[in-house]
Structures are given as C-alpha cells and as structure tokens.
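Structure, as structure tokens:
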Amino acid sequence: MIDATIKLTSQPDKLKEILQTLKAILLSIRYEQGCISCHCYVDVEAENNIFFREEWKTREDLDVHLRSTHFGILIGAMKLLKNEPEIRFNTITSTDGAEAVKAARALPSPLCNGPGSGSAVNKNDFRKV
C-alpha cells in the first residue's frame with residue numbers, strides 16, 4: 001500500500017478557492033483504479049494548512065493517478081500557493097490497529113504513571129472537508 005500525503009499552506013485569500021477545487025476532485029479520485037481512500041483535512045490550529053491524503057493499492061496505481069487529469073487539477077491548485085507543497089509517498093508494508101494500542105498501553109512506561117495516564121488524541125483536532 002502507498003500512503004500519499006500532500007501538505008499545502010494556503011494564503012488566507014486563496015483558501016476558499018483551493019478547498020473548493022480539492023473538494024471537487026475527491027469523489028473522482030476515489031473511483032480511480034487502485035484508490036483505497038482520498039480525503040482532505042484542514043488543521044484546526046493553523047487553518048491555512050491543508051492536508052490531502054490518498055491511499056493506493058500499488059505503486060503502479062499511484063503512478064497512473066499522478067499522470068491523471070485529476071492530479072493535474074491538484075497541480076493547478078498548488079500553483080496558487082506561496083510556497084512549494086510538502087509531498088510524501090510512503091510504502092506501507094504492514095499495519096496494526098487498536099490491538100497494538102491496547103498492547104502498548106498495557107506495558108509499564110517510564111514516561112507515564114501506567115495505563116490510562118497518557119494524553120488522548122482529540123477527534124476534534126482535525127476537521128474533514
């Protein structure tokens with residue numbers, strides 16, 4: 001699986017236009033061959049930071065997407081940015097879920113006072129667009 005993440009930092013006066021463009025292509029990208037997921041998020045602490053995240057079954061699927069019209073539209077939106085976007089492609093070889101969190105929190109940790117004492121991630125830290 002390939003995890004593709006693009007961090008865009010918009011100028012305040014371009015934010016609405018960029019978000020509208022990204023929202024317009026989300027559904028089409030989701031129907032592309034090999035797309036597992038495609039989402040866009042706005043950072044609640046820095047609202048000009050936009051995270052565009054995709055997951056692809058194979059590198060070949062991602063490569064086809066990178067040559068697609070939809071990605072061309074995304075490139076066009078990136079031209080509205082003041083700075084270059086941060087683009088990262090990560091190859092995922094294995095994944096764990098809630099069972100890994102439960103197992104890790106059951107172990108003693110020198111950084112906290114035991115299970116349940118760590119700070120939780122707040123689901124409101126990110127707003128889905």
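Readers should treat all values here as calculations from the given coordinates under stated rules, not as data from a laboratory. Just so it is clear, the model here is predicted, and its values are computed rather than measured. We place every Cβ from the backbone using ideal geometry, glycine too, and count neighbours over all the protein chains shown.
Charges at C-beta only: +1 for Lys and Arg, -1 for Asp and Glu. How large is the resulting dipole of the stretch 2-115 about its Cα centre, in Debye rounded to 20?
100
Percent relative contact order of the stretch 2-115, based on C-alpha pairs within less than 8 angstrom and at least six residues apart?
36
Please give, to one decimal in nm, the separation of the simple spin-label points placed at Arg88 and His39, each 7 Å out from Cα toward the Cβ.
In this crude label model, Arg88 to His39 measures out at 1.6 nm.
Over the Cα atoms, compute the radius of gyration (one decimal) and Dmax (the largest Cα-Cα distance, rounded to a whole number) for the stretch 2-115, in Å.
17.4, 52
What are the ³J(HN,Hα) couplings of the stretch 45-57, residue after residue, when phi is run through the Karplus curve with 6.51, -1.76, 1.60 and θ = phi - 60°? Round to Hz, x for glycine and proline.
8, 9, 4, 7, 8, 10, 10, 10, 10, 10, 10, 10, 5
Exceeding 20 Å between C-alpha atoms, which entries from my cross-link table qualify? They are Lys14/Lys79; Lys57/Lys102; Lys16/Lys57; Lys7/Lys79; Lys14/Lys82; Lys23/Lys79.
On the way: Lys14/Lys79 11 Å; Lys57/Lys102 27 Å; Lys16/Lys57 31 Å; Lys7/Lys79 13 Å; Lys14/Lys82 10 Å; Lys23/Lys79 17 Å.
Over 20 Å Cα-Cα: Lys57/Lys102; Lys16/Lys57.
Evaluate E = 1/(1 + (r/R0)^6) for Ile73 and Ser109, where r is the Cβ-Cβ distance and R0 equals 41 Å; express this FRET efficiency to the nearest 0.05.
After rounding, the FRET efficiency stands at 0.35.
Sorted by packing (mean other beta-carbon atoms within 10 Å per residue), highest first, where do 48-56, 69-77, 11-19 land? The partial results should precede the final answer.
Values: 48-56: 19.8, 69-77: 15.6, 11-19: 13.4.
Order by mean packing, descending: 48-56, 69-77, 11-19.
With θ set to phi - 60° and the Karplus curve 6.51 cos²θ - 1.76 cosθ + 1.60, what are the ³J(HN,Hα) couplings of the stretch 28-44 in order, to the nearest whole Hz, using x for Gly and Pro?
4, 5, 4, 8, 5, 3, x, 6, 8, 7, 8, 9, 10, 10, 10, 5, 6
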